[in-house]
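Below: one structure, written as structure tokens.
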Amino acid sequence: MALTISVPDTLRKSVEAASKGKNTVLYTAKSQPCYMVVIPKFTVQSIDASLGTGTHPAFIVGGVEKDALFIGQHLGISRNAEMLSLPGVDPGHSLTHDAFVSLARANGAGWHVMSNVEWAAVALLAWKAGTQPRGNTNYGNSSDVTTEYGVRGDGIAPGTASGNARTQTGSGPTSWRHDNTPFGISDLSGNVWEWTPGMRMNAGEINIITGNDAAINATDMAAGSAAWKAIDGATGALVAPGTAGTVKRSLSASGTADWTIYCGNGVAFSSAVNSTGANPIGSAALQLLKQHGLYPVASSGLGGDGYWADVTSERLPLRGGAWYIGASAGVFALVLDYDRGVADTSIGARPAFVI
């Protein structure tokens, strides 16, 4: 069955009316409902001048600008071999990166796992609005405000450091949503880490997929795919991985290597700095990195969100944090420690849609 986004059903009408169009319900190939948040297209300069100019790359799919993204209001779950966004359920978990990608694509054309560049777009919106969300970062409650809590699936009291402390999707307060309203994207901070396809670090070299082409069902994101591009450190141009002069990541706090981001391991994302050598990363490349959430848009005010990395081989991004991470969780938290074959009870993903 072909997916339709204009089904005049009672559920969709009620959700759109209650949210004044900020939320909607989309249907999968098997006609299963997904609660979605509408993110209208915006320019990078509307966020901050340091990002450059033009439409944010999350809205450029296959070289075509899109008017809006539809992001799962809730962490994804597997149901009938599709990925759904539903409230009040245990978040999906324990699937590898590629398995989550396949599950979301099974929903039909336009469906995908929320990509890294989409995540970055939402994080930048929250930063600009001053609504960076809290979440389940302390075994069911917020490590920042312990009176804020969600419903733990294991029935144990929030804040108790035992058991399986995932909270049911959307069960926290509005401060756990990206815009601090009931209509925002829930659980971006804590609960479970989220795979966010379309970016990787390969032996220390930062690679991305052009624009938001990770949202295209046919895009090959295998390790050897030609879709992967490195970033020329001087010009910001996308080039083949392994090309000389591309942007790298070091685990040192500072240094002078050409075209290199420096940031200690397990420290705040906001502490990342450019090389101080003869060839620092150029302005165009820095703009692209910031647009993709790979370099801090500011040196402070990013919530102390953590940054972890392994520069030895291919590592794919996990975003947001988990129930045990504490203050290091948040919309700018980024883990580049794990390969695509990892599956864990603290790792999930989120469906998204674009046409």
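The values are calculated or read from the model by the stated rules, or taken from the named source; none is laboratory data. From a predicted model like this one, the values you see are computed outputs, not experimental measurements. Heads up, the Cβs are rebuilt from the backbone with ideal geometry, glycines too, and the neighbour counts pull from every protein chain shown. When the accessible area is computed, the model is the full protein with side chains, heavy atoms only, and any ligands, DNA or RNA have been set aside. Shrake-Rupley method; radii C 1.70, N 1.55, O 1.52, S 1.80 Å.
On the given criteria, is Ala327 part of a helix (DSSP H, G or I) and of a type in the set (A, V, I, L, M)? Criteria met by Ala327. Among the residues in region 315-332, are any over 24 Å from Asp144 (Cβ atoms) and over 16 Å from the mean Cα position of the chain (by Cα)? No: region 315-332 contains no residue that is over 24 Å from Asp144 (Cβ atoms) and over 16 Å from the mean Cα position of the chain (by Cα).
Residue check: is Gly198 in contact with a strand residue (DSSP E or B) (Cβ under 6 Å, 6 or more places away or on another chain), open to solvent by less than 20 Å² (accessible area, probe 1.4 Å) and on the phi > 0 side of the Ramachandran plot? So Gly198 passes the test. Quick one: in region 107-130, of everything that is outside any helix (DSSP H, G or I) and open to solvent by 50 Å² or more (accessible area, probe 1.4 Å), which residue is farthest from Ile355 (Cα to Cα)? Here the residue is Gly130.
Return the residues of region 242-266 that are in contact (Cβ under 8 Å) with a residue 40 or more places away in the chain and either among the charged types (D, E, K, R) or more than 19 Å from Arg200 (Cα to Cα) (or both); say none if nothing qualifies. Correct list: Lys248, Arg249. For region 333-355, the tally of residues that are within 15 Å of the chain's Cα centre (by Cα), farther than 25 Å from Thr312 by Cβ and part of a loop (DSSP other than H, G, I, E, B) stands at 1. Applying the condition of being among the hydroxyl-bearing types (Ser, Thr, Tyr) and in a loop (DSSP other than H, G, I, E, B) to region 298-319 and asking which residue is farthest from Lys248 (Cα to Cα) yields Ser300. Every listed requirement among (1) surrounded by fewer than 18 Cβ atoms within 10 Å (Cβ to Cβ); (2) more than 28 Å from Ala126 (Cβ to Cβ); (3) not aromatic (Phe, Trp, Tyr) is met by Ser275 save one, (1).
Restricting to region 19-45, name every residue that is free of Cβ contacts under 8 Å to residues at least 60 places away in the same chain and small (Gly, Ala, Ser). Within region 19-45, Gly21, Ser31 meet the criteria. When the residues of region 267-297 are filtered to those that are part of a helix (DSSP H, G or I) and closer than 13 Å to Asn207 by Cα, the one that is nearest to the chain's Cα centre (by Cα) is Leu289. Answer yes if at least one residue in region 168-183 is in contact with a Gly (Cβ under 7 Å, 6 or more places away or on another chain), in a loop (DSSP other than H, G, I, E, B) and among the basic types (Lys, Arg), and no otherwise. Scanning region 168-183, I find no residue that is in contact with a Gly (Cβ under 7 Å, 6 or more places away or on another chain), in a loop (DSSP other than H, G, I, E, B) and among the basic types (Lys, Arg), so the answer is no. Among the residues of region 341-355, those identified as of a type outside the set (Ser, Thr, Tyr) and either open to solvent by 40 Å² or more (accessible area, probe 1.4 Å) or free of Cβ contacts under 8 Å to residues at least 40 places away in the same chain (or both) are Gly341, Ala343, Asp344, Ile355. Answer yes or no as to whether Gly190 is open to solvent by less than 50 Å² (accessible area, probe 1.4 Å), under 12 Å from His74 (Cα atoms) and of a type outside the set (Asp, Glu). The answer is no for Gly190.
Residues are listed down the side, and each one gets a yes or a no for (1) of a type in the set (D, E, K, R); (2) surrounded by 23 or more Cβ atoms within 10 Å (Cβ to Cβ):
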{"residue": "Gly293", "(1), (2)": "no, yes"}
{"residue": "Gly320", "(1), (2)": "no, yes"}
{"residue": "Ala327", "(1), (2)": "no, no"}
{"residue": "Ala333", "(1), (2)": "no, yes"}
{"residue": "Asp339", "(1), (2)": "yes, no"}
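Looking across region 36-58 at every residue that is of a type in the set (A, V, I, L, M) and outside any strand (DSSP E or B), the one that is most open to solvent (accessible area, probe 1.4 Å) is identified as Ala49. Checked against (1) part of a loop (DSSP other than H, G, I, E, B); (2) open to solvent by less than 40 Å² (accessible area, probe 1.4 Å); (3) without any contact (Cβ under 8 Å) to a residue 60 or more places away in the chain, Ala230 passes all but condition (1).
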